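Shown next, in structure tokens, is the structure this report addresses.
The values are calculated or read from the model by the stated rules, or taken from the named source; none is laboratory data. The structure presented is a predicted model; accordingly, all values stated were derived computationally and were not measured. We place every Cβ from the backbone using ideal geometry, glycine too, and count neighbours over all the protein chains shown. For accessibility, only protein heavy atoms count, side chains too; no ligands or nucleic acids. Shrake-Rupley method; radii C 1.70, N 1.55, O 1.52, S 1.80 Å.
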Amino acid sequence: MSFTSKVYPGEVIVDDESPTHKYMLDDLSRGLDLSARPDKDFAYDGFASPFNDAMLIPTSEFRARIQEREEQGASLSALIKAKRLDHKDQGSTNYCWINGPVHALEIRRLQQNQNRVTLSPASAGAKIKNFQNRGGWGLEGIQYLASKGCVPTEYWPANAIDRRFDTEANVQRALGYRVREWLECKPRNVQQMVSVSLRNYPGSGGYNWWSHQITIVEPVWLDGEVAMRIRNSWKGWGDYGFGILRGSKMLPDDLVFCVSGSTT
């Protein structure tokens, strides 16, 4: 019996035939800067564990495993929708590189039955960039999230690059929203990416073709091949922030997965 994953109404599908300009509009901020990334397979050494080949899932099993998860209602997108966890909206900031890992942390917390909370990417990004609206890359984000954490939006608005919120009270609050355990995959390696994602870990991936970093949600099966469902940090994009990348467009140039969420 053939199987095709459910596509949400309004969900954006980007593949090798898509006109790139539709998804890289000039009026939308992105901010990914991978120029500082070392040219090696595992660039997060010391802050993320490198992928272990013992985790590999054979490509021949992808379809069946995806189908099983969807039929059991065990997909991450189903959890996100059930818990009504909003997607990020980076607004006019160039902070996609911190929105991606922060949202992965929010999702992982839901999986671990911790309280639902919306976290402020700017509470980390602004301090990393000395309160400037500058681009960056994932390692900067997860280093900071491991040691300092981030602040709930009720205390530091999501996109506020504003020193007024850098209070001692917020420094202490952020310590309750740290994440120390990440897993890194090799760049543009579909088998590693899908093998980890099938274990229900949310990820953060950077894409050179898009100059953008997004949250990796789950693999899906479309037209007889694997594709990747993502969540974007642009208001009004896709279905509740969900979209699907296919073909070479789904292969990230930088990728980490959140293994453990923080506790308050």
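At a glance:
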| item | result |
| --- | --- |
| Enumeration of residues in the range 108-128 that are open to solvent by 10 Å² or more (accessible area, probe 1.4 Å) and within 14 Å of the chain's Cα centre (by Cα) | ARG108 |
| All positions within the range 102-125 that are out of contact with any Phe, Trp or Tyr (no Cβ under 8 Å at 6 or more places or on another chain), outside any loop (DSSP other than H, G, I, E, B) and not β-branched (Val, Ile, Thr) | HIS103, GLU106, ARG109, LEU110, GLN111 |
| All positions within the range 185-206 that are open to solvent by less than 10 Å² (accessible area, probe 1.4 Å), outside any helix (DSSP H, G or I) and in contact with a Leu (Cβ under 7 Å, 6 or more places away or on another chain) | CYS185, PRO202, GLY203, GLY205, GLY206 |
| Residue selected from the range 211-224 under the condition polar (S, T, N, Q) and part of a strand (DSSP E or B), by the criterion surrounded by the fewest Cβ atoms within 10 Å (Cβ to Cβ) | THR215 |
| Members of the range 129-139 that are open to solvent by 50 Å² or more (accessible area, probe 1.4 Å) and assigned to a helix (DSSP H, G or I) | none |
| Subset of the range 165-184 [within 30 Å of GLU70 (Cα to Cα), touching a Phe, Trp or Tyr at 6+ places or on another chain (Cβ under 7 Å) and open to solvent by 10 Å² or more (accessible area, probe 1.4 Å)] | LEU183 |
| Pair list, Cβ under 6 Å, 6 or more apart: the range 32-61 residue open to solvent by less than 70 Å² (accessible area, probe 1.4 Å), other residue polar (S, T, N, Q) and in a loop (DSSP other than H, G, I, E, B) | LEU32/SER211 |
| Test: LEU105 is open to solvent by less than 40 Å² (accessible area, probe 1.4 Å), over 17 Å from HIS212 (Cβ atoms) and in contact (Cβ under 8 Å) with a residue 24 or more places away in the chain | yes |
| Members of the range 107-134 that are modelled with pLDDT under 95 and on the phi > 0 side of the Ramachandran plot | ASN113 |
| Residues being hydroxyl-bearing (Ser, Thr, Tyr) and either in contact with a helix residue (DSSP H, G or I) (Cβ under 8 Å, 6 or more places away or on another chain) or modelled with pLDDT under 95 (or both) - total across the range 51-82 | 2 |
| Residues of the range 148-164 satisfying the condition of being open to solvent by 60 Å² or more (accessible area, probe 1.4 Å) and within 17 Å of ARG178 (Cβ to Cβ) | LYS148, TYR155 |
| Restricting the range 61-76 to residues that are within 21 Å of the chain's Cα centre (by Cα) and charged (D, E, K, R), the residue that is farthest from LEU222 (Cα to Cα) | ARG69 |
